[in-house]
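Presented below is the structure to which this report refers.
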Amino acid sequence: MAAREILRLPDKRLRLKSEPVKRVDAGIHALIEDMFETMYAAPGIGLAGIQVGVPKRVVVMDLSKKDEAHKPLVFINPEIIWASDEKSAHEEGCLSIPEYYEEVERPSEVKVKYQDLDGKTHEITANGLFATCIQHEIDHTNGVLFIDHISKLKRDRVVKKFTKAVKAAGKEAGKTTNKTAKQKVEA
Ligand code: K1U
Ligand code: ZN
């Protein structure tokens, strides 16, 4: 079991539509174990396969409170089969867009069909934070980010900020490489 790297905006892989899981086998179980380790380490309350670079329709979640025991939840091939007309707004964050939070309006209640670790199909009704989180995670499986639900002005601003950060990190890495190369020439 190992924590994996979480992809960050503007990584294009976050825009991929994930593939359905055909068979819930040992490989899927191992991926899910790693996803829990990654999510708890971050820390976060949810994670989708694509956030660790695996474009499979797998979601993990844990909505337990700080001093409560862990309540791990697994959703394989989750799909929304009903959504309420009533909407509610909640503040959302994303482990792929760290330290950025915005209010997002979504259906207050959804019914979700999914498979468990044994490949058995279930249906569940979600509301409150559970409804917000499961919709956020199912969006990830479709290449949709929560910033797609906010104004273009705010979205453009956050994409620009994260793109700039990646470029700056690249330049820093380049500086180190160049210095090493120069040192090698001088040696
Ligand atoms: O999918 C993700 O990027 C995870 C994301 C889930 C989420 C949070 C809030 C609303 C909708 C979806 C996160 O976990 S962000 C981090 C977070 O919310 C949190 C972190 C530590 C303690 C409690 C919450
Ligand atoms: Zn997210």
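Rule-based calculations on the coordinates, nothing more; no lab input. In this text the structure is predicted, and so the values were computed from the model without any measurement. Note that we place each Cβ from the backbone using ideal geometry, even for glycine, and neighbour counts take in every protein chain shown.
Summary of computed values
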quantity: Ellipsoid equivalent to segment 7-89 - semi-axes via the Cα gyration tensor, in Å; calculated: 20, 19, 15
quantity: For segment 121-131, 3J(HN,Hα) per residue [Karplus equation, 6.51 cos²θ - 1.76 cosθ + 1.60, θ = phi - 60°, Hz, x = Gly/Pro]; calculated: 8, 9, 10, 9, 9, 10, 9, x, 4, 4, 5
quantity: Placed amide H near G44: partners under 5 Å, 5+ positions off or other chain; calculated: none
quantity: Aspartates and glutamates with Cα under 15 Å of K87, excluding same-chain neighbours fewer than 8 positions away; calculated: E103, E105, E109
quantity: Karplus-derived 3J(HN,Hα), 6.51/-1.76/1.60, for each residue of segment 72-84, Hz, glycine and proline x; calculated: x, 10, 10, 10, 9, 6, x, 9, 7, 9, 7, 9, 5
quantity: Lysines with Cα under 30 Å of K175, excluding same-chain neighbours fewer than 8 positions away; calculated: K12, K160, K161, K164, K167, K184
quantity: Extension gain, D67 back to D118 (0.36 nm per residue minus Cα-Cα distance, nm); calculated: 15.4 nm
quantity: Computed over the chain, Cα set: Rg, Dmax in Å; calculated: 18.8, 70
quantity: Label zone at E5, where the point sits 7 Å out along the Cα-to-Cβ direction: segment 44-58 residues whose backbone N lies under 11 Å; calculated: 53
quantity: Percentage relative contact order, segment 28-187, counting C-alpha pairs under 8 Å, at least six apart; calculated: 17
quantity: In nm, spacing of pseudo-spin labels at R15 and A165 (7 Å Cα→C-beta vector); calculated: 1.9
quantity: Segment 17-90: antiparallel DSSP beta bridges as a percent of all, rounded to 5; calculated: 90
quantity: Value of [θ]222 nm, deg cm²/dmol, for the chain, DSSP H segments ≥ 4, -39500 (n - 2.57) each, nearest 500; calculated: -12000 deg cm²/dmol
quantity: For segment 110-157, the fraction of alpha-carbon pairs in successive 5 Å shells from zero, as %; calculated: 5, 17, 20, 22, 18, 8, 5, 4, 1
quantity: Förster-model FRET efficiency, 35 Å R0, A83 and K175, C-beta, rounded to 0.05; calculated: 0.10
quantity: Under Karplus coefficients 6.51, -1.76 and 1.60, residue-wise ³J(HN,Hα) of segment 164-169 in Hz, glycine/proline x; calculated: 4, 5, 5, 5, 5, 5
